[in-house]
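Remarks on the structure that follows.
The values are calculated or read from the model by the stated rules, or taken from the named source; none is laboratory data. Quick caveat: nothing in here was measured; it's all calculated off a predicted structure. Backbone-built Cβ (ideal geometry, glycine too); neighbour counts: all protein chains shown.
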Amino acid sequence: MKHLVLRDGRKLAYTDVGDSLGYPLIFGHGMPGSRLQGEFFHKQALQHSFRIITPDRPGIGNSDYQPGRRLLDYANDIEQLADALKLEGFSHFGWSSGSSRTLACCYKLTDRVDLGVCLSGYTNFSEYAGHHKLLEETRWPGPRLARYSPWLVKLVAQLVAYLSRRHPGLYMREAKHLVNSADRNLLSLLLEEDTFQRDQMLCLESGGKAIATDLLAELENWGFSLKDVHTPVLIFQGKEDAFVRVDYARHLAGQLPRAELTLMPDTGHLYPLAENFQSQLFAHIKLELERMTLKRKAPLL
C-alpha cells in the first residue's frame, strides 16, 4: 500500500501494480470493494504493459473520510494523485460503482484522460427515464432506496456492514446465493484464495457511514450531464448481470457522445475479475489508444 496526502490534509491510500513502466490505468473499485481489487489485474497488466493504480475512495480502507462528498470530488482526488505520480495522460476504468467515477474523470479531466472504460456500471439516474420497476428488479436495491430516502441507504449500509463484520463467513455464503449461475463458478474460484475476501472485508470494516456516503455520491445527482462527457468511453455489460440492468448500459451508450457498447451474453457481474476477460479488455484498450494516437498524428487534409 502507498498513500498520498491531499491538499485538504486527507490521506489517500492506493495500490500500484502491473508494469511500473507501462501506460497508466487508474481503476475505480466496486462497492463493496477497495484498493485491493487492483491486485486482480496485476498478471494481465504485466503481460500487456499496463500500470494499474487503484485508490481507496474516502472513508474506505485506509483513505480518510470526506464528509458531504459528491461524485465530482473523486475527479479532484484523481487529479492530485496523477500530479503526484507525474502522469501527464492516463485512462480510467471502473467496475460497478467505479464506473460512475470513470465518467466523472472523463468529464472533469478531459485534457488528461485519454479513454474511459465502464464495466457494468450505473447510469446517471437524474437523466434516466426508465420505469421504476426496472430499478426494483435488480438484487441491489440502492437506486430504489435512494429515490425514497437517502437515510434508508445509510441505514441499510450500516446494518450490512455491522452484520458482515460480526459474521464474515455468513457474508461470503450469502454472496454465493446473491450471484446468478453466470457468476457462481467464478466466485467459487475467487474464494479459494484470500484476496477477494480481504477486499470485501476491508471495505465492510470501514463502516456503514463511509459506505453509504460513497454509494449516495453516485445514486444522487452527478453534477454533470452525460452529453457533456466528450472523452471516448468503452462500455461493457453482462446480459445476465443480477445487480446492474442492461438498460443502464444502453442508456449510457445512448447519451454519451463517444461511446462504444459491448453486450456479453451468458455473463454476470463478476467477469472483470476473470483473467480471460482482462486479457481481451487490455488488448481492446491498447488498440483504442493506438487508434487515437494515429488519428492525432494524421495530417490535415
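Among the criteria (1) over 25 Å from residue 40 (Cβ atoms); (2) touching a Gly at 6+ places or on another chain (Cβ under 7 Å), the one residue 76 does not fulfil is (2). Test residue 259 against the stated conditions and say whether it is in contact with an Asp or Glu (Cβ under 9 Å, 6 or more places away or on another chain), modelled with pLDDT of 95 or more and of a type outside the set (Lys, Arg). No, not satisfied.
For residue 272, the test of being outside any helix (DSSP H, G or I), at negative phi, touching a helix residue (DSSP H, G or I) at 6+ places or on another chain (Cβ under 9 Å) and not polar (S, T, N, Q) is failed. Going through (1) of a type in the set (Lys, Arg); (2) surrounded by 14 or more Cβ atoms within 10 Å (Cβ to Cβ); (3) at pLDDT 90 or above one by one, residue 227 falls short only on (2). Taking the criterion of being on the phi < 0 side of the Ramachandran plot, free of Cβ contacts under 8 Å to residues at least 60 places away in the same chain, small (Gly, Ala, Ser) and in contact with a helix residue (DSSP H, G or I) (Cβ under 9 Å, 6 or more places away or on another chain), the residues of the range 1-37 that qualify are 13, 22.
Which residue is modelled with the highest pLDDT, if the candidates are limited to the range 275-301 and must be outside any helix (DSSP H, G or I) and among the aliphatic types (A, V, I, L, M)? Here the residue is 298.
Every listed requirement among (1) part of a loop (DSSP other than H, G, I, E, B); (2) polar (S, T, N, Q); (3) over 24 Å from residue 251 (Cβ atoms); (4) out of contact with any Pro (no Cβ under 8 Å at 6 or more places or on another chain) is met by residue 54 save one, (1). Scanning the range 227-252 for residues that are under 17 Å from the mean Cα position of the chain (by Cα) and in a helix (DSSP H, G or I) yields 246, 248, 249, 252.
Being surrounded by fewer than 22 Cβ atoms within 10 Å (Cβ to Cβ) and either at pLDDT 95 or above or out of contact with any Gly (no Cβ under 7 Å at 6 or more places or on another chain) (or both) is a property that residue 236 lacks.
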